[in-house]
1. Taking the stretch 107-135 only, how many residues are open to solvent by 10 Å² or more (accessible area, probe 1.4 Å), in a loop (DSSP other than H, G, I, E, B) and more than 10 Å from the ligand (Cβ to nearest atom)?
2. Within the set of pairs 6 or more residues apart or between chains, which connect a residue that is more than 15 Å from Val87 (Cβ to Cβ) and in a helix (DSSP H, G or I) inside the stretch 489-509 to a residue that is aromatic (Phe, Trp, Tyr) and open to solvent by less than 50 Å² (accessible area, probe 1.4 Å) with Cβ atoms less than 6 Å apart?
3. With Ile96, Ile83 as the choices, which residue is at pLDDT 95 or above, β-branched (Val, Ile, Thr) and in contact with a Leu (Cβ under 7 Å, 6 or more places away or on another chain)?
4. Give me the pairs, please: first residue somewhere in the stretch 335-349 and more than 17 Å from Tyr152 (Cβ to Cβ), second residue anywhere and within 14 Å of the ligand (Cβ to nearest atom) and in a loop (DSSP other than H, G, I, E, B), beta-carbon distance under 7 Å, and either six or more positions apart or on two chains.
5. Can you name the residue in the stretch 147-165 that is of a type outside the set (Gly, Ala, Ser) and within 15 Å of the ligand (Cβ to nearest atom) and is also farthest from the chain's Cα centre (by Cα) among such residues?
6. Filter the stretch 550-588 for residues that are open to solvent by 70 Å² or more (accessible area, probe 1.4 Å) and of a type in the set (S, T, N, Q); which is nearest to Thr517 (Cα to Cα)?
7. Would you mind stating whether Ile171 is part of a helix (DSSP H, G or I) and closer than 17 Å to Thr517 by Cβ?
8. Output the number of residues of the stretch 193-229 satisfying the condition of being in contact (Cβ under 8 Å) with a residue 40 or more places away in the chain and of a type outside the set (A, V, I, L, M).
Amino acid sequence: MQKIIEILQEEISVAFEKAGYDKKYAKVTVSNRPDLCQYQCNGALAAAKEYHKAPIQMANEVVELLENSDTFLEITAQMPGFINMTVSPAFLSDYINKMSGEENFGCEKTKTEETIVIDYGGANVAKPLHVGHLRSAVIGESIKRISKYLGYHVIGDVHLGDWGLQIGLIITELKHRKPELVYFDENYEGEYPEEAPFTMADLEEIYPYASGYSKEHEDYKKEAQTATAELQAGRKGYLALWQHIIHVSVADLKKIYDKLNVSFDLWKKESDAQPYIPKMVQDMKDGGYAHIDDGALVVDVKEETDTKEIPPCMILKSNGATLYNTTDLATIVERRKLFDPQKIIYVVDKRQSLYFEQVFRCARKTKIIGSDVDLIFVGFGTMNGKDGKPFKTRDGGVLRLETLLADVTKQVEEKMAERDMDETARKDAAQKVGLAAIKYGDLSNQASKDYVFDIDRFTSFEGNTGPYILYTIVRIKSLMNKVAEQGIVVDENTPVLPAANKSQTDVMLALSKWSETVEAAFAEQAPHKICQFVYELSDAFNKFYHENKIVTNEDDTVRASHIQLSRLVGRVLETGIDLLGLEAPDKM
Ligand code: ARG
């Protein structure tokens, strides 16, 4: 379905041509002075040079041709040559009615067969998920949902970190604590036990301990590095332990991601890409892309136009060990082979941006991918505490994601203590509202920016917050219940009437921006645009709700129209929050 801006663009183009001017100047934008008009065209200013005329004169000529158009309530030329437009209420309500009947509210699905891989989550096995992983999960999930909504074939991959030093550290610490375990007996030939020799709670204690200890004890660190190398070289007992670690961790991770309303199509791990490494390295050597530098195998990735130093991409260390780079490159090889994607989007902390620049350049230079594949890095900023430093617990530790969720839910529950709700409904609502507080607090910021995690602001039921959006949806739900209770039937095809006042216009205008919002959010990997949309729509709706009689309206046609409009707002808002990965309760 055409967007309003496109319809206006067409009309203005015709008028420009009729007036004798090139239509390339007829560009329409959303007004940057919403107090004066809804849309504007500044083309006459740009055209003045070519036609050697005063812009205001040209703007006037164009406006004159459109004065009788049904599209506009008002179209005027303003000094020095702006064309200001306000659409007519009938045009707007027609548009809204059409939108209401279309799939995706008129937002066009892609006609390409494009496959997109989204690499997000990025949790590491054996280490508990902490708030640093929150952003990747939350932003990636939303980008995935937006892409799916537009009809792309999307594969969300958690890309677990399962191949690094953390495993060697755990193996080493286990060996110190329980040397008698069969996993450490190199001569052991039998089957390994099915049951893991540790629980998730054990791992959560072991990893931080081992990590801390290794920082102070060089020997211990060497031992862990050796264990990692032995694992990677295929030592059987270590492989079995590693399998246990993965099992125990993944079960735990799934539970937490579930609570976050985040899900993955694929649970691939860094180790899954290892089989692709030998051939990849050989190809890099054969192609003359890689060379030995100080014993290590590297690929130069700097370019002449660089303004800052881009170091070479290291593929193999001098001892032959592979690196994070090597795995990421091999994962690209794997993804090409398995899914043939046209786009791979990485949702990772922006402190890894130089790293990804190296990886992307190396992948292109060594022909792992061609120009037909887009590699996109969506780097996000840090979640800070109120002190402006990376978010920590009160005692300065790293806060676990689960604890954070529980804390926020509790705070919301306390707020809702006075509500007349049964206990299960209150718990369910508190959970949904708490999650919305956290996720919306994150998503409403441009991803690349740092933001301050402010629990009091995020859980507020007023302002630009998740709970406020949910509250608006709940308000509409209860409005619809009232409609049903009173036996009022409003048919699906009941038209929304042209707006009779500003609050009605504002709701319709906000609604009409749905497709351009979703498209922009997709193109720029920018869920915050959806947040802005749902916030503006909620705000417009709440004003409309206060300033108009809806269920109590004396005029039956007006009442039906208002109910219909409210219902549409509810449907669009629910779709919007779904794209953000949120859910609304029935009551709150
Ligand atoms: N596991 C990594 C970390 O915790 C993030 C992985 C990001 N994705 C990737 N393909 N490198 O930092």
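The values are calculated or read from the model by the stated rules, or taken from the named source; none is laboratory data. What you see is a predicted model; the values in this text were computed from it and never measured. Counting neighbours? That spans all protein chains shown, and the Cβs are built from the backbone with ideal geometry, glycine included. Ligands, DNA and RNA are stripped out before the accessible areas are found, and what is left, the full protein with its side chains, is counted by its heavy atoms. Shrake-Rupley method; radii C 1.70, N 1.55, O 1.52, S 1.80 Å.
1. 8
2. Ser503/Phe544
3. Ile96
4. Once the first residue is more than 17 Å from Tyr152 (Cβ to Cβ) and sits in the stretch 335-349, its partners that are within 14 Å of the ligand (Cβ to nearest atom) and in a loop (DSSP other than H, G, I, E, B) give Val348/Gly122.
5. Ranking the qualifying residues of the stretch 147-165, first place goes to Leu165.
6. Thr557
7. No, not satisfied.
8. 13
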